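> What follows is a structure written as structure tokens; I'll ask about it next.
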Amino acid sequence: MRAESRRRVVAGLLMFGAGFASADPPPPEIASAFTPRPTAGGRHFMAVTANPHATVAAVAVLRDGGSAVDAAIAAQMVLGVVEPQSSGIGGGGLMLHFDARRQRLDAWDGRETAPRAAVDGPFRNAVGAPLAFRDAVRDPRAVGAPGLVAMLALAHRSAGRLPWARLFAPAIHLAEAGFPVSPRLHALLAWEGGFADPAAQALFFDAAGQPWPVGHALRNPALADSLRRIAAQGPEALRRGVLADAMIDALRAGLPADQAEALGLLGHGDLLAYAPQRRVALCRPFRGYRVCGFPPPSSGATTVLAMLGIWHALPGRVAPDSAGFVHRFAEVGRLAYADRAACVGDPAFHAVPVSALLDPRYLARRAALVGEDAGPRRTSGLDCAAEADEAERPSTSHLSIVDGAGNAVALTSSIEDAFGNRRMAGGFLLNNQLTDFSTGGANRIAPGKRPRSAMAPTLVFDRRGALYAVLGSPGGSQIPNFVVQALLGLIEGGMTPAEIVAQPRFGNRNGATEVERGRLPPASIAALQARGHLVRQVEMTSGVALVVRGGGRWIGAADPRREGQAAGE
């Protein structure tokens with residue numbers, strides 16, 4: 001798509017919301033289609049991923065006696081091939097794992113880290129002006145040390161059953177033999193328009209500069225070779241040797257070593273120093289269930305659990321299909337997101353007041369601020385650092401898996417923006433996760449620090465302590481809103497899995513009240529405006545992957561906004 005054509009598309013999208021507040025520009029993972037997908041049932045296992053190829057790979061592993069962790073690794077490697085805009089071995093991820101036999105819940109942290117030479121403050125150009133976000137994501141300073149593979153390897157040593165190398169076979173086959181370009185990948189490539197990186201341009205566009213059409217067999221032999229190296233060597237393949245050199249060369253090409261250090265670019269020492277973490281999951285009760293999520297440096301669980309706690313403290317109930325429900329939901333989000341912005345960061349660098357954030361008495365005081373009309377922009381009620389700007393983007397993937405032994409995985413992974421940093425090494429795209437840092441406060445950049453994330457892989461346990469649901473979503477900083485909406489539909493709303501993943505999206509991130517473009521009735525929008533809400537109709541490209549237990553079996557559902565698929569036996 002040529003630049004002028006893209007400008008016309010943007011203009012048309014912005015005009016759509018005439019009469020309301022100006023619509024946000026389309027997110028990096030633009031909306032491609034809304035296609036309801038069938039739910040799946042299974043008495044033994046269930047897998048829901050963001051792409052049918054990945055679901056097929058997960059099911060094959062589960063049939064062979066693999067664990068939920070094994071299936072998640074196989075599916076994730078496939079996602080890096082067929083959904084390269086969202087995640088891959090050049091990025092990171094956060095994974096919850098439930099061991100049914102030991103009744104143990106682990107939070108595996110593969111979040112990227114800032115280089116040891118990282119420079120405080122926003123990225124600046126040659127004359128000292130801060131870069132626009134579009135330029136910042138493409139800047140070599142935006143790339144952090146990738147952690148996804150190292151985290152998955154650590155989890156596999158703890159909970160894997162099948163050999164590590166076996167789990168890479170489906171992805172290697174697809175990268176080598178090719179896979180049909182999907183409508184979503186084609187749409188995202190058309191929106192991108194082209195890459196400055198020659199390898200990325202040659203892979204995704206034809207000689208005339210047009211994105212490969214839907215159905216084109218896309219082959220990536222360089223990625224197949226990289227996956228073979230990782231299958232044989234494990235995460236060490238990304239720490240040193242050919243792939244490590246390729247990543248560093250992609251960032252530092254033509255720069256003297258001292259200049260690269262001065263810019264704060266990723267170096268070989270950062271790859272060698274990277275270490276995944278095994279953390280303790282964060283759990284709180286809600287309506288008789290136990291909801292568990294990922295602790296800091298993710299703000300996913302603190303925000304989700306705070307929203308549920310404030311919601312629980314509100315008096316009475318409102319109909320879930322009413323403007324009153326949207327109003328309450330937006331006001332609850334406004335409060336929880338204020339605390340998120342002020343208080344949450346990497347716990348290795350900043351003491352995160354988790355207990356205070358989730359104290360029922362504090363949440364009750366926050367709930368008392370919710371009135372019948374829209375409130376102002378909120379500040380934290382705790383003594384945290386000053387709120388600061390950030391720009392976490394919705395280019396992410398999520399998968400939810402339960403194996404035959406009742407073990408479960410919720411894995412959210414990302415390279416941050418759509419197509420990440422737009423630089424390619426070894427057939428995979430590098431991340432731009434350092435743009436997730438804020439300009440100050442708890443999430444300010446520092447050497448070796450993990451940027452705050454909104455990723456919210458979530459597990460729910462019933463009143464008997466049995467696993468009830470596995471879920472999560474892509475969506476950048478909108479993720480907690482997507483997950484809380486799903487949880488309310490699941491626990492309070494009596495909704496079916498298909499209804500939960502397809503319901504209209506809305507929320508508030510302590511600013512405008514965002515509603516999914518074209519999904520709420522005009523009367524509801526008018527009612528929100530009458531309450532004082534600044535309403536923005538925007539694309540909300542959630543990708544909820546839900547597994548829930550019901551009627552003696554597992555039921556899986558994939559969000560119709562993306563290309564996911566559920567399958568079980």
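> Considering (1) loosely packed, with under 15 Cβ neighbours inside 10 Å; (2) touching a residue at least 24 places away in the same chain (Cβ under 8 Å), say which one Val352 fails and leave the rest.
For Val352, the failing item is (1).
> Okay, next question. Tell me the residue from Ser395, Ser400 that is at pLDDT 95 or above and either open to solvent by 80 Å² or more (accessible area, probe 1.4 Å) or among the hydroxyl-bearing types (Ser, Thr, Tyr) (or both), please.
When all the criteria are applied, what remains is Ser400.
> Determine which single condition Val127 fails, assuming it passes every other condition in (1) over 25 Å from Glu563 (Cα atoms); (2) out of contact with any Phe, Trp or Tyr (no Cβ under 9 Å at 6 or more places or on another chain); (3) open to solvent by less than 10 Å² (accessible area, probe 1.4 Å).
In the conditions (1) over 25 Å from Glu563 (Cα atoms); (2) out of contact with any Phe, Trp or Tyr (no Cβ under 9 Å at 6 or more places or on another chain); (3) open to solvent by less than 10 Å² (accessible area, probe 1.4 Å), Val127 misses (3) alone.
> Would you mind stating whether Gly333 is more than 19 Å from Phe437 (Cα to Cα), at pLDDT 95 or above, small (Gly, Ala, Ser) and open to solvent by less than 10 Å² (accessible area, probe 1.4 Å)?
The answer is yes for Gly333.
> Step by step: first the residues of the stretch 266-303, then only those that are open to solvent by 30 Å² or more (accessible area, probe 1.4 Å), under 22 Å from the mean Cα position of the chain (by Cα) and among the aliphatic types (A, V, I, L, M), then the one that is farthest from Arg141 (Cα to Cα). Which residue is that?
The extreme case among them is Val280.
> Considering only residues that are within 28 Å of Trp191 (Cβ to Cβ) and open to solvent by less than 20 Å² (accessible area, probe 1.4 Å), look in the stretch 28-47 and name the one that is modelled with the lowest pLDDT.
Pro28
> Now a separate question. Evaluate the following for Val501: is it touching a residue at least 60 places away in the same chain (Cβ under 8 Å) and either more than 19 Å from the chain's Cα centre (by Cα) or closer than 20 Å to Gly476 by Cα (or both)? Working first, answer last.
Working: touching a residue at least 60 places away in the same chain (Cβ under 8 Å): no; either more than 19 Å from the chain's Cα centre (by Cα) or closer than 20 Å to Gly476 by Cα (or both): yes.
In short, no.
> Another question, then. Kindly evaluate Thr439 against the criterion of being of a type in the set (S, T, N, Q), surrounded by fewer than 24 Cβ atoms within 10 Å (Cβ to Cβ) and at pLDDT below 95. Explain how you work it out, then say what you get.
Working: of a type in the set (S, T, N, Q): yes; surrounded by fewer than 24 Cβ atoms within 10 Å (Cβ to Cβ): yes; at pLDDT below 95: yes.
Against the criterion (of a type in the set (S, T, N, Q), surrounded by fewer than 24 Cβ atoms within 10 Å (Cβ to Cβ) and at pLDDT below 95), Thr439 qualifies.
> Let me ask you something else. Could you say which residue among Gln233, Gln259 is open to solvent by 40 Å² or more (accessible area, probe 1.4 Å) and modelled with pLDDT of 95 or more?
Gln233
> Next up: Looking at Arg157, is it assigned to a helix (DSSP H, G or I), surrounded by fewer than 24 Cβ atoms within 10 Å (Cβ to Cβ) and at pLDDT below 95? Outline the logic, then answer.
Details: assigned to a helix (DSSP H, G or I): yes; surrounded by fewer than 24 Cβ atoms within 10 Å (Cβ to Cβ): yes; at pLDDT below 95: no.
Taking the combined requirement at face value, the residue does not satisfy it.
> Can I ask one more? Which condition number does Asp383 fail, the rest of (1) open to solvent by 10 Å² or more (accessible area, probe 1.4 Å); (2) touching a residue at least 24 places away in the same chain (Cβ under 8 Å) being met?
(2)
> Which residue pairs have Cβ atoms closer than 6 Å, lie 6 or more positions apart in sequence or on different chains, and pair a first residue in the stretch 58-69 that is more than 18 Å from His398 (Cα to Cα) and touching a residue at least 40 places away in the same chain (Cβ under 8 Å) with a second residue that is surrounded by fewer than 24 Cβ atoms within 10 Å (Cβ to Cβ) and basic (Lys, Arg)?
Final answer for the pair search is Gly66/Arg161.
> Open to solvent by 30 Å² or more (accessible area, probe 1.4 Å), at pLDDT below 95, over 15 Å from Ala323 (Cα atoms) and not aliphatic (A, V, I, L, M): is that true of Gly551 in this structure? Steps first, please.
Details: open to solvent by 30 Å² or more (accessible area, probe 1.4 Å): yes; at pLDDT below 95: yes; over 15 Å from Ala323 (Cα atoms): yes; not aliphatic (A, V, I, L, M): yes.
The answer is yes for Gly551.
> Shifting gears a bit: Looking only at the stretch 190-215, count every residue that is in contact (Cβ under 8 Å) with a residue 24 or more places away in the chain and not aromatic (Phe, Trp, Tyr) and tell me the total.
The qualifying residues number 12.
> Another question, if that's okay. Return the pair list, or none, for Cβ contacts closer than 6 Å from residues in the stretch 314-325 that are within 18 Å of Ile500 (Cβ to Cβ) and in contact (Cβ under 8 Å) with a residue 60 or more places away in the chain to residues that are open to solvent by less than 50 Å² (accessible area, probe 1.4 Å) and outside any helix (DSSP H, G or I), at least 6 apart or on different chains.
Every condition considered, the pairs that remain are Pro320/Gly493.
> Go through (1) surrounded by fewer than 21 Cβ atoms within 10 Å (Cβ to Cβ); (2) at pLDDT 90 or above one by one and return the number of the condition Gly147 breaks.
Here Gly147 meets the rest and fails (1).
> Right, something else. Answer yes or no as to whether Val127 is β-branched (Val, Ile, Thr), assigned to a loop (DSSP other than H, G, I, E, B) and within 24 Å of Arg239 (Cα to Cα). Spell out the reasoning first.
Details: β-branched (Val, Ile, Thr): yes; assigned to a loop (DSSP other than H, G, I, E, B): yes; within 24 Å of Arg239 (Cα to Cα): no.
No; evaluated as a whole, the condition is false for this residue.
> Return the residue satisfying two criteria in turn: it lies in the stretch 48-71 and is open to solvent by 30 Å² or more (accessible area, probe 1.4 Å) and not in a helix (DSSP H, G or I), and of such residues it is nearest to Arg166 (Cα to Cα).
Here the residue is Asp64.
> Could I ask something else about it? In the set Arg423, Arg361, Arg378, Arg366, which member is in contact with a helix residue (DSSP H, G or I) (Cβ under 6 Å, 6 or more places away or on another chain), under 30 Å from Leu105 (Cβ atoms) and basic (Lys, Arg)? Break it down into steps so the answer makes sense when it comes.
Working: Arg423 fails: under 30 Å from Leu105 (Cβ atoms); Arg361 fails: in contact with a helix residue (DSSP H, G or I) (Cβ under 6 Å, 6 or more places away or on another chain); Arg378 fails: under 30 Å from Leu105 (Cβ atoms).
Residue meeting the stated conditions: Arg366.
> Just the residues that are of a type in the set (Gly, Ala, Ser) and touching a Lys or Arg at 6+ places or on another chain (Cβ under 8 Å), please, taken from the stretch 337-364.
Ala338, Gly345, Ala348
> Does the stretch 532-541 contain at least one residue that is within 18 Å of Gly472 (Cα to Cα) and either open to solvent by less than 10 Å² (accessible area, probe 1.4 Å) or over 17 Å from the mean Cα position of the chain (by Cα) (or both)?
Within the stretch 532-541, one or more residues are within 18 Å of Gly472 (Cα to Cα) and either open to solvent by less than 10 Å² (accessible area, probe 1.4 Å) or over 17 Å from the mean Cα position of the chain (by Cα) (or both).
> Another one. For the stretch 449-492, give me each residue that is in a loop (DSSP other than H, G, I, E, B) and touching an Asp or Glu at 6+ places or on another chain (Cβ under 8 Å). Full working, then the answer.
Taking the stretch 449-492 first, the residues in a loop (DSSP other than H, G, I, E, B) are 449-452, 454-457, 462-466, 472-475, 492.
The answer is Lys449, Arg450, Pro451, Arg452, Ala454, Ser473, Pro474.
> Taking the condition modelled with pLDDT of 95 or more and within 26 Å of the chain's Cα centre (by Cα), does Ala171 pass?
yes
> Okay, moving on. Which of the residues belonging to the stretch 472-500 are over 18 Å from Ala330 (Cβ atoms), in contact with a Pro (Cβ under 8 Å, 6 or more places away or on another chain) and open to solvent by less than 10 Å² (accessible area, probe 1.4 Å)?
Gly472, Pro474
The values are calculated or read from the model by the stated rules, or taken from the named source; none is laboratory data. The model shown is predicted, which means the values in this text are computed figures rather than measured ones. Ideal geometry is used to build each Cβ from the backbone, glycine not excepted, and the neighbour counts take in all protein chains shown. Please note that ligands, DNA and RNA were not included when accessible areas were found on the heavy atoms of the full protein model with its side chains. Shrake-Rupley method; radii C 1.70, N 1.55, O 1.52, S 1.80 Å.
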